[in-house]
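Some notes on the structure that comes next.
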């Protein structure tokens, strides 16, 4: 009798394993969620929605974007880890939420980020402007801005999306490299759009903001680009020099966007998502949508390559944060 029970239990276990294997083979068999750590309309949200549509076409299931803004990505990361063990919850994150936040807010996390979250694929990187207000702010070039800041330190505010965000750290690095300039950080929880509003009304004088978000106001003469943070000058803005041309190589962030998953998700599922994403990035519709935003296509080629890339980037930011002696209040 005992032997019969053992056989029955063994058969049930085999059947369960086979069912799980088939379920993975059929992935996705239901709706997949892509969590975005910002509100609708921003750079990360745009990329997530472009990708979601193409993944739906390729994998035959709806990919729905769910906006989970707040706490510099902590809310979205926790949602990913909490519900992403089967691969049906993914996250579209950027350099702030998925490289800097895990460092500066490590004590606030109820999880081990580097153990519990894995990158599926780096997708694009995003050029930025060092952009200035035109409200009572005369500098038109970076050298003019540095000279003005040295003489008018009490008049210079710079925009950030929050303490510890990459626009904040970038300006700290720039200020140090430019001769220890004194400027006050003005955080804005509204993301790039909030920073732009501060520039338009003159609450802040300068900020590092991605080109896609600022292009309309720059083209309309409402904001003044002093420099571009990119590998080379942008064809649409040939007269705007790069930071490295101005002697500030390595200052400013070409902010990447990447797709993430819970480390608990089956490798077969992660590989299927990675392959479908790689194919999606080669389609004319996706290429056009991303290129018109001035995004650079920089996909990683394997799960292993993505992991090495993210580890290197986190270590780089850890060194920068240590050098800047950045302290985030609890």
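Every condition in (1) part of a strand (DSSP E or B); (2) outside the structural domain of residue 117 (by TED's automatic domain parsing) holds for residue 260 except the one numbered (2). Take the conditions at pLDDT 95 or above, out of contact with any strand residue (DSSP E or B) (no Cβ under 6 Å at 6 or more places or on another chain), part of a loop (DSSP other than H, G, I, E, B) and surrounded by 13 or more Cβ atoms within 10 Å (Cβ to Cβ) and apply them to residue 245. Does it pass? Criteria met by residue 245.
Condition test on residue 149, is it under 25 Å from residue 233 (Cβ atoms), touching a residue at least 12 places away in the same chain (Cβ under 8 Å), in the same structural domain as residue 204 (by TED's automatic domain parsing) and not in a helix (DSSP H, G or I)? Even if it seems obvious, please write down each step before you answer.
On the way: under 25 Å from residue 233 (Cβ atoms): yes; touching a residue at least 12 places away in the same chain (Cβ under 8 Å): yes; in the same structural domain as residue 204 (by TED's automatic domain parsing): yes; not in a helix (DSSP H, G or I): no.
So residue 149 fails the test.
The C-beta contact set for region 182-194 (first residue in contact (Cβ under 8 Å) with a residue 60 or more places away in the chain, second residue part of a helix (DSSP H, G or I) and surrounded by 15 or more Cβ atoms within 10 Å (Cβ to Cβ), distance under 6 angstrom, 6+ apart or interchain) comprises 192/213.
Per the conditions (1) loosely packed, with under 14 Cβ neighbours inside 10 Å; (2) touching a strand residue (DSSP E or B) at 6+ places or on another chain (Cβ under 8 Å); (3) in contact (Cβ under 8 Å) with a residue 12 or more places away in the chain, the sole criterion not satisfied by residue 232 is (3).
Inspection of region 264-278 identifies no residue that is without any contact (Cβ under 8 Å) to a residue 12 or more places away in the chain, touching a strand residue (DSSP E or B) at 6+ places or on another chain (Cβ under 9 Å) and surrounded by fewer than 20 Cβ atoms within 10 Å (Cβ to Cβ). Determine, yes or no, whether residue 137 is closer than 21 Å to residue 188 by Cα, in contact with a helix residue (DSSP H, G or I) (Cβ under 9 Å, 6 or more places away or on another chain), surrounded by fewer than 20 Cβ atoms within 10 Å (Cβ to Cβ) and touching a residue at least 40 places away in the same chain (Cβ under 8 Å). Considered against the rule, which asks whether it is closer than 21 Å to residue 188 by Cα, in contact with a helix residue (DSSP H, G or I) (Cβ under 9 Å, 6 or more places away or on another chain), surrounded by fewer than 20 Cβ atoms within 10 Å (Cβ to Cβ) and touching a residue at least 40 places away in the same chain (Cβ under 8 Å), residue 137 comes out as yes. The listed residues are 104, 142, 120, and the only one of them that is modelled with pLDDT of 95 or more, crowded, with 18+ Cβ neighbours inside 10 Å and assigned by TED's automatic domain parsing to the domain that holds residue 265 turns out to be 120.
Can you tell which of 60, 41, 85, 70 is surrounded by fewer than 22 Cβ atoms within 10 Å (Cβ to Cβ), at positive phi and in contact (Cβ under 8 Å) with a residue 60 or more places away in the chain?
Numbers: 60 fails: in contact (Cβ under 8 Å) with a residue 60 or more places away in the chain; 85 fails: at positive phi; 70 fails: in contact (Cβ under 8 Å) with a residue 60 or more places away in the chain.
Checking each option against the conditions leaves just 41.
Reported count of residues in region 211-228, each being in contact with a helix residue (DSSP H, G or I) (Cβ under 8 Å, 6 or more places away or on another chain) and outside any helix (DSSP H, G or I), is 7.
Of 259, 326, which residue is in contact with a helix residue (DSSP H, G or I) (Cβ under 9 Å, 6 or more places away or on another chain) and either modelled with pLDDT of 95 or more or surrounded by 18 or more Cβ atoms within 10 Å (Cβ to Cβ) (or both)? It would help to see each step written out before you state the result.
On the way: 326 fails: either modelled with pLDDT of 95 or more or surrounded by 18 or more Cβ atoms within 10 Å (Cβ to Cβ) (or both).
After ruling out the rest, the residue left standing is 259.
When you check residue 242 against the structure, is it within 22 Å of the chain's Cα centre (by Cα) and outside the structural domain of residue 43 (by TED's automatic domain parsing), yes or no?
Numbers: within 22 Å of the chain's Cα centre (by Cα): yes; outside the structural domain of residue 43 (by TED's automatic domain parsing): yes.
Yes; evaluated as a whole, the condition is true for this residue.
The values are calculated or read from the model by the stated rules, or taken from the named source; none is laboratory data. It should be emphasised that the depicted structure is a prediction, and the values quoted were computed from it without experimental measurement. With ideal geometry, Cβ positions are generated from the backbone for all residues, glycine too; neighbour counts draw on all protein chains shown.
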